[in-house]
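Input: a single structure, listed below in C-alpha cells.
Computed from the coordinates by the stated procedures, all read-outs in this text should not be read as laboratory data. Note that the coordinates shown come from a computational prediction; the quantities given were computed from them, not determined experimentally. Cβ coordinates were reconstructed from backbone atoms using ideal geometry, including for glycine residues, and neighbour counts include every protein chain displayed.
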Amino acid sequence: MAEQTVQAKKPVKITETVLRDAHQSLIATRMPTELMLPIVSTMDKVGYHSVECWGGATFDASLRFLKEDPWDRLRKLRDGFKNTKLQMLFRGQNILGYSPYADDVVFNFVEKSIANGIDIIRIFDCFNDLRNLKAAVDATNKIKVLEGRGHAQIALSYTLGDAYTLDYWMNIAKEIEEMGADSICIKDMAGLLVPYKAAELVSAMKSATKLPIQLHTHYTSGVASMTYLKAVEAGVDVIDTAISPFAMGTSQPATEVMVETFRGTEYDTGYDQKLLAEIADYFRPYREECLANGLMNPKVLGVDIKTLMYQVPGGMLSNMVSQLKEQHAEDKYYDVLEEIPRVRKDLGEPPLVTPSSQIVGTQAVMNVLMGERYKVATEQTKDVLRGKYGKTVKPFNPEVVQKVIPGEETITYRPADDIPPQMETLEKEMAEWKQQDEDVLTYALFPQVAVDFFKYRQAQQEKVDMTVSDTKNGAYPV
Ligand code: CO
C-alpha cells in the first residue's frame, strides 16, 4: 500500500491573483470580464483562501480601456464564486485613485464594495501612515457588524532603509492589531524581500502580533518563490500566487509550483493539481494571444536584477528612462539613479510605491536636469513637505523644506481631516448620468473617464432601444 500522505498540520493558504495583480503586472490590466467568467466555477473548486479580483488598476482600466462597468464585473464574479472569498486592493484614503478623499466617500466605497461581493479589503498607504488607513478599516468593521461580512487587512509597503528596522515592523504590527484590523499583509511591490530576510521579518512580526500574516511579492528580482519558502517556514499564514501562464516576471510566483513545493509537508495546501492544470490550460491560449499581439512584452518576463541593486521598483526605472529620453538627457541615467536615494531621504525616507515612487522619481530627474537641487519642485513634492500625504517614518530635511515651501507650515494632523464631506456635491454634479448608486463613486474616483464611460453606456443602451423601435418609427440617431 502506498504511504499515507503526511497529515497537514499548518497548511499554507493561497490567494490567487490572476484576476487582478497578475494581469495588472503583465498585460497592463487588460483582461476583460468575459475572459474571466468561463473559468470561475473551476477556480471556485480549488479551495483558495481568496481570489484577488478587484481594485488597484482594474477599476480605471475597465472604464478607460475596456468600456466595462467595474461594479458589474464584481457582481458577475460574485455570482460565479459560490465558495471562495473575493479580495480587493484599496489605496487607503485615496481609495482607488491618486489623491485623498473625504471620509464619507471612503465609507461609501467600502460599503458598496462589500455589498457587491468583496469579502477581504487589503488597504495600504504609500507612507505606511496608519492614520490614512483608519477610515477604511473603521468602515469595514462597521459594515461587518451590519452585514456579517467584510475583513480589513492592512498592507504594509515593504521597503529598505535605516528607519525600517525589525523594531519598526514589530511596532507597526502591534499598532495594526490595536487598530482593529483582521490581518496584516507584507506588500513587497518591488520584489526587494530576499529569502533569509523574509524569514527574519516574518518571525519578528509573528512574535509581535497574533494577527494572521500574508505575504505579497513580485518575481521581478527572481527571488520570490524562495522568499515564500522561507516565509512559510517562518510561519507566514497566506501567500499570493498566480496560475502559471500569468506568473513570474513582474507578476507573482506560480500557484502550481508553490503547491507542489509544500506537498507532503506540514504546509501542504491539499489543492488538486488536476484542477490547477485545468485553470492553467484555460489561461495559456490567452497568454499566447497577448504575447502575439504585444500586450505582453517578453521583457517583463525575465529577471530584473537592477531592482535589487538600486532598490527602485521596475516601473519607476522605466518612467525615469522615458522622462530622460524626452529631455534628450539619457546620459544622466546614473546621476539620477544616485539622486533618487538622496531625494527619498530628504522626503523622510518613504517606501517607493504609488504615488511616492512617481513623486521621488520625478523630483530626482528635475534636480539632476536643473543642475541645482530643488531649484524647481513639483506640486506633489511641495504637498509631501506640507504633510498632505501624511507622516513619513523619518523627518523631512529642514533645509529642503525651507527652500521648497518657505514660510509654510507642515501639518501634523491626519491630512483627510481637512477634507469636508464630498458625497452630496458629487451626487449633484453627476446626477444626469446616475443609473445606480455605485455610479457616484465611479465618478468620484475618475470624473472625466467616468463621464466618457457613462456617455458610452448611454449610447449602447439607446442603440438597443433603436433596434426595438426601428420597425415602427424608422431610424434613430445614436
Ligand atoms: Co502587487
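Things worth noting here:
- Taking only the Cα atoms of the range 141-287, the radius of gyration and Dmax are 16.4, 47 Å.
- Remark: spin-label model distance Y98-E372 equals 2.8 nm, labels positioned 7 Å along the Cα→Cβ axis.
- Gap separating the Cα centres of the range 426-467 and the range 175-213, nearest whole Å: 40 Å
- Note on the chain: Rg/Rh from C-alpha atoms, Kirkwood Rh, equals 0.98.
- Dividing the summed -39500 (n - 2.57) terms of all DSSP H runs of n ≥ 4 by the residue count of the chain sets its mean residue ellipticity at 222 nm at -15000 deg cm²/dmol.
- Cα gyration tensor shape of the range 394-465, rounded if a/c is under 1.5, else prolate or oblate by comparing a/b with b/c: prolate
- Principal axis dimensions, largest first and in whole angstrom, of the range 295-346 by Cα: 35, 26, 15
- Rule-of-thumb Rg ratio for the range 1-135 [Cα; 2.2 N^0.38 Å; N residues]: 1.18
- Three principal axis extents describe the C-alpha atoms of the range 174-238; from largest down they are 35, 20, 15 Å.
- Take the Cβ atoms of K142 and E424, set R0 to 25 Å, and the FRET efficiency comes out at 0.80.
- Evaluated at q = 0.11, 0.14, 0.18 Å⁻¹: base-10 log I(q)/I(0), Debye formula over Cα of the range 286-431: -0.56, -0.79, -1.03
- In this structure, T410 and V257 have a Cβ-Cβ separation that, at R0 = 51 Å, corresponds to a calculated FRET efficiency of about 0.60.
- In the range 181-278, the trypsin sites (Lys or Arg not before Pro) that fall in loop regions by DSSP, at most 10 other Cβ within 10 Å: K210
- For the set K10/K210; K142/K434; K85/K112; K112/K463; K85/K230; K306/K394, the pairs lying more than 19 angstrom apart at their alpha carbons are K142/K434; K112/K463; K85/K230; K306/K394.
- A simple charge model with +1 on the Cβ of Lys and Arg, -1 on the Cβ of Asp and Glu and nothing else charged puts the dipole of the range 330-400 at about 400 debye relative to its Cα centre.
- Rg over Rh [alpha-carbon atoms, Kirkwood Rh] for the range 141-212: 1.03
- Tensor-based shape of the range 222-295 (alpha-carbon gyration tensor, a/c under 1.5 rounded, otherwise prolate or oblate): oblate
- nm² value of the averaged projected area, convex hull over the Cα atoms of the range 259-326: 7.5 nm²
- D383 paired with V194, simple spin-label distance in nm, labels 7 Å along Cα-to-beta-carbon: 3.6 nm
- Using R0 = 56 Å, the C-beta based FRET efficiency linking K394 and K274 works out to 0.65.
- Note: the range 90-222, Cα convex hull, 110 Å³ per residue.
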